[in-house]
Amino acid sequence: STQANLKKLFNAIYKFALENDICDKDYSQFVKKTAEQSEGEPTPFTREEVQKLWNNLDKYDYMDSLLIMVYTGMRNGEMRNLKKEDIHLEERYIMLRGTKTKAAKRIVPIHKKIAPLIEKRLAGPSDLLLPNLRNNVMSYESYRKKFDPIIDELGLMTELGEPHLPHDCRKTF
């Protein structure tokens with residue numbers, strides 16, 4: 001995407017330059033994208049890795065958040081912004097009010113395996129399911145400070161040998 005954006009920028013610069021007689025030729029047409037996206041592509045957790053998450057549930061405070069994302073397909077930002085009022089535990093669904101795409105506003109079923117995890121989170125004092133220490137929306141960076149050590153300590157790596165990312169939970173779903 002960076003290369004595509006740079007190519008658009010070059011095209012716009014040369015268009016301006018040609019229109020204003022600053023140059024005689026549009027060299028932006030020769031710029032080619034060379035890199036294919038491979039690193040950082042979301043990679044689902046394997047069944048064995050998901051089982052490893054369950055096996056270590058009580059070892060880490062935020063392990064439940066990984067499992068909630070794996071079993072709901074929620075984006076990390078959706079989970080961090082999730083208000084308790086949007087969780088209907090008895091009816092076993094979550095009303096997501098995301099803004100990323102039109103499909104982001106949706107009803108997400110609550111799998112019976114994660115219902116106790118959500119119920120435990122609902123008992124907290126905040127209006128949010130996963131608040132920061134001040135009971136506000138947790139930043140992505142703060143969440144990564146909780147997520148990354150879990151992944152590192154459990155040795156959960158992608159096929160490329162890179163640590164899993166939060167979005168990999170969504171891809172697992």
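The numbers here are math on the coordinates, done by the rules we state, and not lab data. Please read all numbers here as calculations on a predicted model, not as lab measurements. Because the Cβ atoms are built from the backbone with ideal geometry, glycine has one as well, and the counts that use them run over all protein chains shown.
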| note | Magnitude of the Cβ-charge dipole (Lys and Arg +1, Asp and Glu -1) of the chain about the Cα centre, nearest 20 debye, reported as 580
| task | Provide the FRET efficiency to the nearest 0.05 for the E159-Q3 pair, computing r from the beta carbons and using R0 = 30 Å. | result | 0.80
| Most positive-pole-ward Cα, A123, G77, S65, against dipole of the stretch 1-141 from beta carbon charges | A123
| Relative contact order (%) - criterion: Cα under 8 Å, at least six apart; region: the chain | 27
| said: Starting from the 7 Å offset along Cα-to-Cβ, what nm value, one decimal, do you get for the label separation of W54 and K112? | reply: 1.3
| query | So which residue, out of E19, E119, E153, gets the largest mean-square fluctuation from a GNM of the chain using Cα contacts under 10 Å as springs? | reply | E19
| request: Per DSSP H run of n ≥ 4, the term is -39500 (n - 2.57); total these for the chain, divide by its residue number, and report the mean residue ellipticity at 222 nm rounded to 500 deg cm²/dmol. | output: -12000 deg cm²/dmol
| request: With mean projected area of the Cα convex hull in nm² defined as stated, name the option among (1) 9.4; (2) 13.7; (3) 11.0 computed from the structure displayed. | output: (2)
| said: Quick check: the angle from helix 2-19's long axis to the longest principal axis of the chain, C-alpha only, nearest 10 degrees? | reply: 30
